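Written out below as C-alpha cells is the structure these notes cover.
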Amino acid sequence: ETVRIALVAKALGIGFFEAAAKGAEEAAAELGDVEIIYTGPTDTTAEGQIEVLNSLIAQRVDAIAVSANDTDALVPTLKRAMERGITVISWDSGVAPEGRQMHLNPSSAPLIGNTIIKLAADHLPDGGQVAVLSATSTSTNQNTWIAEMQKVMGDYPNIEVVATVYGDDLADKSYREAQGLMQSYPDLDAIIAPTSVGIVAAAQAVTDAGKVGQVNVTGLGLPSEMAGHVKSGASKSFAIWNPIDLGYSAAMIAHALATDAATAEPGATISIGRMGEVVLDENGEAAMADPFTYDASNIDEFSSIF
Amino acid sequence: MNSEQSAEAAPVLSLRGIVKTFPGVRALDGVQLDLFPGQVTALIGENGAGKSTIVKVLTGIYQPDEGQILLDGAAVGFPDAHSAQQAGVTAIHQETVLFDELTVAENIFIGHAPRTRWGLIDRRAMRERASEILRSIGASISPGARLRDLGIASRHLVAIARALSVDARVVIMDEPTAALSHKEIGELYDLVETLKRQGKAILFISHKFDEIFRIADRWTVFRDGAFVGEGRMEGTTEAELVRLMVGRRVDQIYPKRPAAIGPPVLTVAGYSHPTEFEDINFTLHAGEILGFYGLVGAGRSEVMQSLFGITRPSKGACRIAGKVRVLRTTAEAVEAGIVYVPEDRGRQGAVKGLPIFQNVTLPSLARTSRAGFLRLAEEFRLARDYTRRLDLRAASLDQDIALLSGGNQQKVVIAKWLATRPRVIILDEPTKGIDIGSKAAVHDFMSELAGQGLAVIMVSSEIPEVLGMSDRVIVMREGRIAGEFAGPTMTPENLVRAAVGIDRREVA
Amino acid sequence: MTTAPRHIPDRLTSPAARALKSWETLLLVVAVTIFLLNAMASPYFLDPWNLSDASFNFTEKAMIAFAMAMLIVAGEIDLSVGAIIALASTAMGMAMSMGADMPMIVLVGLGTGLLCGAFNGALVAGLGLPSIVVTIGTMSLFRGISYIVLGDAAFTGYPASFAWFGQGYVWWVITVELVIFAIAALVFGLLLHRTSFGRTVYAIGNNATAARFSGIRVDRVRFILFLLTGVMSGVAAVCLTSRLGSTRPSIASGFELEVVTIVVLGGVSILGGSGTIPGVVLAAIVMGLVTFGLGLLNVPGIVMSIVVGALLIGVIAVPRLISKLRS
Amino acid sequence: MSILKSREAVLALAILALLILIAGRFPAFVTPANLARVLTDTSPLILLALGQMAVILTKCIDLSVAANLALCGMVAALMDGAGVPLVVILPAVIALGAGLGAVNGLLVWKLAIPSIVVTLGTMTIFRGTIFLLTNGAWINAHQLSDAFKALPRMVILGLPVMAWIAVGAVALIALAVARLPLGRALYAVGGNPHAAGYAGISVGRTQFAAFVLAGALAGLTGYLWVARYAVAYVDIARGFELDVVAACVIGGIAIAGGAGTVAGAVMGALFLGIIKNALPVVGISPFWQMAISGSAILIAIAVNTLARRDPGRIILKQAEART
Ligand SMILES: Nc1ncnc2c1ncn2[C@@H]1O[C@H](COP(=O)(O)OP(=O)(O)OP(=O)(O)O)[C@@H](O)[C@H]1O
Ligand SMILES: Nc1ncnc2c1ncn2[C@@H]1O[C@H](COP(=O)(O)OP(=O)(O)OP(=O)(O)O)[C@@H](O)[C@H]1O
Ligand SMILES: [Mg+2]
Ligand SMILES: [Mg+2]
C-alpha cells in the first residue's frame, strides 16, 4: 500500500518550496512506496490554501505537511482532516497546535532571531541603524523571528532597529519599501530581510541607489538568488537552512506518523533519516538544524544547489 | 403616374425592390424610390412605414436583404457609411449623430478631416472649412466651441453642416425641421433651394404637410414598408396624399370637443430657477387643455420638468387640488397626480430593453402588484387597454419597445402615463415625429380625457396644433411668460409676436 | 414574418418557449457535463462528504453574487465586497474581544456590512459618483481600516457556538452555508423576478433617466441595492470568519473579481438591464464543480483559473461564433 | 476662475498641494533627485494609464493589462535567458503585448462581448500562461544578463531611461490623440457609438486599435518592470490593473467613455504614484497606507466629478450675463 504524503507550499513557484519538494522526493525514494503530492495555492492566501487542503482531504491522502499562510485560519480545515484519519504536520511556517500533530521548525526561532541581528551586527563594529524588511504582516514565522530578534537586542547595545516594513513577498513592493527605508533613514547601515523575496529586492534597491558598501543587506535568502549580490558587495552575508533538508525531514516525519512508526507527543523522538532525529518540545514543535551562513567564501559552492 | 417620369431627366439614384427585415418585422418590403437632380422628393408615410430605414440603406448603415441600388443607372453597393459618402450620398439623420466632447469643427469633419503632409489632421484647414460651411447655412456658431456647450437648435445646425461637408450629389434630410425654430426653418428652406440650384438630388422626409407642399417637387409614399405610389407635387392635394399614406380618409385633424371647465387643480405661483426660468404663474383647471407655445429653447420643457419633480425651483410654490406641495422627486409628482410625457422620447421616455407592457405599467406597479409581488395578468390587461386606445402598431406586447418606430414608442409612453389615471397630464411636444393618423388618435384621446375632467398641459411648437387643441395658450420666451391668450386673442400672429418678442406697435 | 401588424396578439409569449433557448439551459448543460467529466476523472468525486466539502468553494462567494447580480442588472457594480468582508470580520473580532456573545458577534458582522454598503450607496446614489471607481476606492479604504485595527495581529478564539455558521451541518452532509446559500438564492430570486422592486431594478439598468421620468426613486433603489450587497457581504463575512475561526486583514482578498466572474458567467449583462438569479446559481455551481474537480486532480489553482477564464469567455463566445458562422 | 474649471488644472493644483504637504514633513522628498526617482517609479503606471485611457475612451475597460505586463515580462526574461539580444527582445515583447491586446480587441470587435468580461477572462488566462511557461518558477536577478537589467536604469540628463520612455510615450500619444484621425475616433466611438457608425467610423475597429495600443504599452512595460526589479514570476504586478484604472479615473477619464485627456491620465498616475512613494517615506505606519490611499482616491473622484457637474442649460438672459 503506497503512502501518499501531500507537501503543501505557501504558494507554488517559490524557489524555497520547490527545493523543499525536491527533498521530499528524495525522502520518498529512500522510503520506497511513498507518493509525494507537491501542491499549494497560487498566491499566499489562507483561503486558497484551504481549497487545496479540501481537495487533499477528499482524495484521502495519508498525510499532509503544510507550510501555513495563516496560523489560525487553517485550523478548522486541518482539524477535519485529522478527524478523517489524516496525519497532519506543519513545517516551516506553523499552524496553531490544535490544527496539527506536530510542527517542524527549520531551526529554532530564538536561534534565527539571534542570527539575523548578529549577521547585521558583525559588520557594524561601531554600531549603527538597521531596519527590518519583512514579508506580509500576517506571516507567522517572520513575526516570530522578528519577535525573537527584539528579545536579544540587549546583547547589541549599539545597534538600533529604526523601522519594520512589509514587502508582502512581492518583489516590486519590497523594492519600493527598501527604497523608502534608505530615503527616510539616510544613515541606515543595514537592512535585515528575513525573507527570500525581500532580501533580493532590497539588495537590488541598494545597488540601484548606489549605496553598495554603505547599506549592507542581510537576512534569510537562497544562495542561488543571492549569489550576484554577495559578489557585488550589496550583501556581505546572509543565512538560511537547507530547504532540501527541510522538505526531506518533513516528509520523513509525516511518513513516520502516518505509518504509526512514531507518535506525536511532547518528548517523543522521531528519526529523520540522514538528518538524524528531532525531539518534540512541550508545544509539539521540533527544530531541524541551525541556520547556515553564506558569504563570499562559500556562496559559489551552494548557489548551484538551491 | 409612372408614365410622366419618362419625359424627365434620368434619376441620379434609384432603388428597386429593396427588402429589409429585422427579427419579427419586415421593415421594407420591396420598395422603390427615384431621386432626380435638382429636385426635392418628399418621402411620406406613417410612423414605422420604413422611411428612416430606407435612409439607412442609402447611407450604408443597413445592408438590404434584397434589391438594388442604382447610381446613374449602374448597380452599386454601400457596405458601410464611408462608401456611401464616397459615392456622394449624405444625410441629416433623424436622430442626433454628434459627439459631445468634440469641437464643432471636429464634429463636422469626423471621419473625413483634411490632413497635412504628415498624415496628421490639419486643424487650421478644418476650422476654416467648417466656418465656411456654417456661414453658408447662416449659423453663427464658432467652429472651436465644444458641442456639449451648444443648445439643441445649434446642434441640429451642426448636423446639417456635417451633411454638407461632404461633396454630395444626393442629400437626404430625415425630419430636419423637427428640432428647429421658425427662423432656422426659414433658413433651411433657403438652403434647400440653393442645393436644388446646384443640381443636387434631395430626399426630404417630413410629417408636416405645409412644408412638403412648400418645397417638394415630387412625392413618394410608403405604407407599412411597401411602396404605394409616387408622383409630382403639382396637382396633388393633401387629402390625396393622406389617403395614400393612411389607407383611409382622415377628416378631422384637431377634434377638440367642448368640455366643461372645472375648478382649479394646479396653481403655480412665482416659480423661479437660477438659470432656466423666472416668475412663472398660472392656474390650470379640470377639463382644460392649456397650450404652451414658444420657440424651441424657450424653457417650456424646463418649467414642466420642475413641475414634475425633476429639477427643484429655487423659489415659488405650487398648489395641487387645494394643497400646497413641494415636489422633490418624480415619485412625489406621480403621487400628487401630475405626470409628464417628455419631449426626449429616446432618453427620457422609453425604457429600451424592457417589453412594451412593462414600459406601460412601470409607474403603475403599485396598482398592478399585490404586496409588492407582480401580477403579470393585471399588467397585461392594463397595457392592452391603453395601447389599444392609441392604436399602437406592434407584433406583440412583450416585444422590446426599442424595436418600435419612433411614433409608436411615443404612443407607448403616452399610454404609460394615462394608465396612472392622473389629475394633470403634461404633454411635451406630444405629436413630434408622429404621423398624421396617429396624431389624430392622440388628439382625440386628449379631448376625451379633458372631457372626463383631466387637466391637460400641452407644450407644442406647432401653431395649428396649439390653436386647434387648446382652450387657452400661454407663450414663453427666454424663460419667462410672455403672454396669455384665450378666445378671440388666440391668433397665430399674437402667438408668434409674443414668442419672438415683437411689440405690436413696432410691427405696425 | 409580417409587417408590423395592426392587431396585437392578446397574450404574451409563453415563458416555456423562451426558457428553451435561454442562457440558463446552456449553463445547465455545461454543469451536467462537468459533473459527468468529474465523476469519470476521479474516483473520489462522487462522495457525498467530498461534494459537501466542495460546496465551500462557492457558497460564500455566491451569497454575495446574488446581491451583486441585482446591482449589476441595475447598471452598477461593487468591487469592495472582499474589503467589506475584511472589515466586517475585523469588527466581529473586536466585538468578540470585548466579550460579546455569539448573536451579538453575528449582528456586528451584519451591521458592519450594512454600514459599508450604506457608505458606498451614499457616495454613488447620494453624490452621483460612478460606482466602479467609488468601490475601487472603498476597496482600499475598508481593508485599510482592518489593517489599522489589526496590523500584523489576528483575532482568534471565537466562541465554539460561532463555528456553527462555517463548520456546522444542518442535516447529514448539508452544511449550514449550503442552506444559507439556498435561502439567499430563493429570496433574491423572488425579489428580482417576482416583485415590483425587481422590475424597477431592470428598468433602471436599461435606462435610468427614463426610469426616473417614470416616477421611480432611482437613487433610493440604487442605495438599497448597495445596502443589500453590503449585508450579503456581512453574511459571507460571518460564514468565512466562522469557517476560518480567525480574522486577519488579508481575509477574502480577491473575492470581488471571483464574485463578478460568477455573476457574469451566470448570464447577467455587465452593461446592466438583463440577467437572472437562476443563472447565477448555476454559474456558482459550475465554478464550484470546475475548481473542485481540477483540485482532485491536483491541478494548480492558477491552471484552474485558466479554465475558469476560458469558460467565461467560451460560454459567451461559442454561441455567438456559431450564429456568426451560420449566417 | 475659468482655469479652475479645467479638470487638469484642478488636478495639477492637487498634486502641488500634495507635494507641499509632504515637503512640510519631509523636505528631502522634493529634491530633484528624489522627484526623478518618483517619476521613474511611476513610469509603469503612466505607461499603462495611457493605454487604459485609450481603451476607456472607447467605452471599454482592460482588466488584463497587468497580466499582459507580467506575461510579456516573463517572456522577456526567458528570451534573455536564452541569450536573445535586447534589440530583439524589445520589439518582440511589444509585439507580443500588442498581440495579446489584439486578442482582447478581436473578441470585443468581432463577437461583441463586453470588454470587462473579455479582459476578466484573459486576465486569468494570461497569468495562467506564465505559470505554464515556467511551471511557476521565478527568474531572479542572477539569471538575467547585465545588459538586460541596465537599460531602464541608465541615466540620461539626470533621468533614468525608464522615465524617458514614459515621457516619450506621453508625447507621442498626446500627439496621436490630438492629431490622428484614429485619436479623434476614440472620442467619437466612446461619446456616441451609434453616431460614430453614421460617420463611417467603425466602432469595433477603433476599440480593437485601443486594445492593441494598451497591449503594446503593457508589453513594453513588462520588459521595463522585470528589468528594473530584476525578477520575473507569475505574480508580478498582480492587482496593478485596478491602480491603473484608478489613475485614469482620478485623472478625469470618464468611465462611461468619450471624455478625458492625456494630461489627465498622466497626472492621475502621478498623483497615485506620489502618494504611494511618499507614504513610506513620511514615516506613516504601513498599516495606515492602504486606508490613506483609498481615501485619497475617493476624495479625488468626488472633487473631480462634482467639479464637472453639468451646470444645466442657461436660458435666462441675466443668468447668461453673470457667467
Ligand atoms: N434596428 C431595428 N430592429 C428591429 N426593427 C426595426 C429596427 N429599425 C426599425 N425597425 C422597424 O422597422 C419599421 C420601420 O421603421 P422606421 O424607423 O424606418 O420608420 P419611419 O418611417 O422612419 O417612422 P417615423 O416616422 O416614426 O420615424 C418599424 O416597424 C420599426 O419598428
Ligand atoms: N445643450 C443641450 N444639452 C443637452 N440637452 C439639451 C440641450 N439643449 C436642449 N436639450 C434637451 O433637449 C430637449 C429639447 O430642447 P429644447 O431646445 O426644445 O429646450 P426647451 O427649453 O425644452 O424648449 P421648449 O421650451 O421649446 O420646449 C430638452 O429636453 C432639453 O433638455
Ligand atoms: Mg423615422
Ligand atoms: Mg422642449
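The values are calculated or read from the model by the stated rules, or taken from the named source; none is laboratory data. A quick note: this is a predicted structure, and the numbers were derived from the prediction, not measured. For neighbour counting, all protein chains shown are included, and Cβ atoms are generated from backbone atoms with ideal geometry for every residue, glycine included. Only protein heavy atoms, including side chains, enter the accessible area calculation; ligands, DNA and RNA are left aside. Shrake-Rupley method; radii C 1.70, N 1.55, O 1.52, S 1.80 Å.
Here is a yes/no grid of residues against (1) within 14 Å of chain D (Cβ to nearest Cβ); (2) surrounded by fewer than 22 Cβ atoms within 10 Å (Cβ to Cβ); (3) under 24 Å from residue D:190 (Cβ atoms):
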| site | (1), (2), (3) |
| --- | --- |
| B:16 | no, yes, no |
| B:33 | no, yes, no |
| B:42 | no, no, no |
| B:56 | yes, no, yes |
| B:67 | no, yes, no |
| B:78 | yes, no, no |
inquiry  = Whether any residue in the range B:194-212 is part of a strand (DSSP E or B), more than 23 Å from the chain's Cα centre (by Cα) and touching a residue at least 24 places away in the same chain (Cβ under 8 Å) is what I want to check.
reply    = yes
ask   = Restricting the search to the range B:381-413, which residues are modelled with pLDDT of 85 or more, among the hydrophobic types (A, V, I, L, M, F, W, C) and more than 22 Å from the chain's Cα centre (by Cα)?
value = B:382, B:383, B:397
ask   = Would the range B:109-127 turn up any residue that is within 30 Å of residue B:41 (Cβ to Cβ), in contact with a Leu (Cβ under 9 Å, 6 or more places away or on another chain), away from chain D (no Cβ under 11 Å) and away from ligand 4 (no atom under 16 Å from the Cβ)?
value = no
task = For residues that are more than 20 Å from residue B:390 (Cα to Cα), touching a residue at least 24 places away in the same chain (Cβ under 8 Å) and touching a strand residue (DSSP E or B) at 6+ places or on another chain (Cβ under 8 Å), scanning just the range B:320-369, find the one that is surrounded by the most Cβ atoms within 10 Å (Cβ to Cβ).
result = B:338
message = Restricting to the range A:201-219, name every residue that is open to solvent by less than 10 Å² (accessible area, probe 1.4 Å) and at the interface with chain D (Cβ under 10 Å from one of its Cβ atoms).
response = A:201, A:203, A:205
inquiry  = Here is a list: C:129, C:141. Which entry is within 13 Å of chain D (Cβ to nearest Cβ), outside any helix (DSSP H, G or I) and surrounded by 20 or more Cβ atoms within 10 Å (Cβ to Cβ)?
reply    = C:129
key: Any helices (runs of 4 or more DSSP H) falling wholly within the range D:239-323 and containing at least 2 residues that are open to solvent by 20 Å² or more (accessible area, probe 1.4 Å), modelled with pLDDT under 85 and not hydrophobic (A, V, I, L, M, F, W, C)   = D:262-282, D:286-307, D:317-322
inquiry  = residue B:225 - would you say it is touching a residue at least 24 places away in the same chain (Cβ under 8 Å), more than 16 Å from ligand 4 (Cβ to nearest atom), on the phi > 0 side of the Ramachandran plot and crowded, with 18+ Cβ neighbours inside 10 Å?
reply    = yes
query = Consider residue C:296 against the criteria (1) within 12 Å of another protein chain (Cβ to nearest Cβ); (2) over 21 Å from residue D:126 (Cα atoms); (3) open to solvent by 30 Å² or more (accessible area, probe 1.4 Å): it satisfies all of them except one. Which criterion is unmet?
reply = (3)
key: Only one of A:94, A:113 that is outside any helix (DSSP H, G or I) and more than 9 Å from every other protein chain (Cβ to nearest Cβ)   = A:94
query = In the range B:296-311, is there at least one residue being within 16 Å of ligand 2 (Cβ to nearest atom), part of a loop (DSSP other than H, G, I, E, B), away from every other protein chain (no Cβ under 11 Å) and open to solvent by 20 Å² or more (accessible area, probe 1.4 Å)?
reply = yes
task = Give the range B:458-482 a look and list any residue that's more than 10 Å from ligand 2 (Cβ to nearest atom) and within 22 Å of residue B:208 (Cβ to Cβ), or say none.
result = B:458, B:462, B:463, B:464, B:465, B:466, B:467, B:468, B:469, B:470, B:473, B:475
key: Of all residues in the range A:258-306 being of a type in the set (Asp, Glu) and surrounded by 12 or more Cβ atoms within 10 Å (Cβ to Cβ), the one that is farthest from the chain's Cα centre (by Cα)   = A:300
query = Is one or more of the residues making up the range C:249-266 more than 14 Å from chain A (Cβ to nearest Cβ) and open to solvent by 30 Å² or more (accessible area, probe 1.4 Å)?
reply = no
inquiry  = Quick check on residue B:142: is it under 30 Å from residue B:301 (Cα atoms), of a type in the set (Gly, Ala, Ser) and assigned to a helix (DSSP H, G or I)?
reply    = no
message = Given the criteria on the phi > 0 side of the Ramachandran plot, more than 9 Å from every other protein chain (Cβ to nearest Cβ) and at pLDDT 90 or above, does residue A:32 qualify?
response = no
query = Any idea which of A:188, A:222, A:181, A:170 is farther than 25 Å from residue A:95 by Cβ, at the interface with another protein chain (Cβ under 9 Å from one of its Cβ atoms), buried (at least 21 other Cβ atoms within 10 Å of the Cβ) and among the aliphatic types (A, V, I, L, M)?
reply = A:181
query = How many residues does the range B:170-220 contain that are within 14 Å of chain D (Cβ to nearest Cβ) and within 16 Å of ligand 4 (Cβ to nearest atom)?
reply = 1
message = Just checking, does the range B:275-291 include any residue being away from every other protein chain (no Cβ under 11 Å), buried (at least 22 other Cβ atoms within 10 Å of the Cβ) and in a loop (DSSP other than H, G, I, E, B)?
response = yes
query = In the range D:276-306, what count of residues is obtained for those that are hydrophobic (A, V, I, L, M, F, W, C), within 11 Å of chain C (Cβ to nearest Cβ) and in contact with a Phe, Trp or Tyr (Cβ under 6 Å, 6 or more places away or on another chain)?
reply = 2
message = Looking at (1) more than 16 Å from ligand 2 (Cβ to nearest atom); (2) of a type outside the set (Phe, Trp, Tyr); (3) at pLDDT 90 or above, which one does residue B:93 not meet, given that it meets all the others?
response = (3)
